[in-house]
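Report on one structure; see the data block that follows.
The values are calculated or read from the model by the stated rules, or taken from the named source; none is laboratory data. All values derive from a computational prediction rather than experimental measurement. Every residue, glycine among them, receives a Cβ derived from its backbone with ideal geometry; neighbour counts consider all protein chains shown. Ligands, DNA and RNA are excluded from the accessible area calculation, which covers all protein heavy atoms including side chains. Shrake-Rupley method; radii C 1.70, N 1.55, O 1.52, S 1.80 Å.
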Amino acid sequence: MKRDMDLVRDLLMQIEEFDQGLGGDVEIEAENHEPQVIAEHLRLLVEARLIEGDAVPDDQYAFDHIVPTRLTWSGHDFLESVRDAEIWRKTKEGALSAKGFTLDLLQDLAKGFLKNRLKSGLASYSKAISTTAVIHQRMGLTPSSKFGRYGRT
């Protein structure tokens, strides 16, 4: 079986959403996948220490189900790095162009895209602040030391 990273992301999002913080079992809804595929992906998430969960025997299937109980700190970190749909799309494209990936590589790619978004957002913010300062200067307003208010010179 190959790992389905879209399924991994979806499982992490569901676990986060349905975890009540009480240490109880978290129900997973994955109708588009076979139960064995879900069980194996949950097992991989436990092995990667992204979630905690319990193996539960099932009389209907020849394999144990993993019942997730919570995201770990690492699970929350990974999910935060790939939560945004556009970041996730770019991350998957980057992994495909590399012709392979690891969990760490996916997270590093996602973090890189987030950092670029942050830099461009800060640049826009900085430009807006600079523009505001120029407008205030042209209007003859200068910053007052008291509460950062502007007044006429």
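In this structure, residue 44 does not satisfy being open to solvent by less than 60 Å² (accessible area, probe 1.4 Å), in contact (Cβ under 8 Å) with a residue 40 or more places away in the chain and in contact with a Leu (Cβ under 7 Å, 6 or more places away or on another chain). Taking the range 1-43 as the range and being assigned to a helix (DSSP H, G or I) and more than 18 Å from the chain's Cα centre (by Cα) as the test, the residues that pass are 35, 36, 37, 38, 39, 40, 43. Among the residues of the range 78-119, the ones that are touching a residue at least 60 places away in the same chain (Cβ under 8 Å) and exposed (fewer than 15 other Cβ atoms within 10 Å of the Cβ) come to 0 in all.
Name the residues in the range 15-39 that are open to solvent by less than 60 Å² (accessible area, probe 1.4 Å), over 16 Å from residue 74 (Cα atoms) and not β-branched (Val, Ile, Thr), would you? Selection gives 23, 24, 30, 35, 39.
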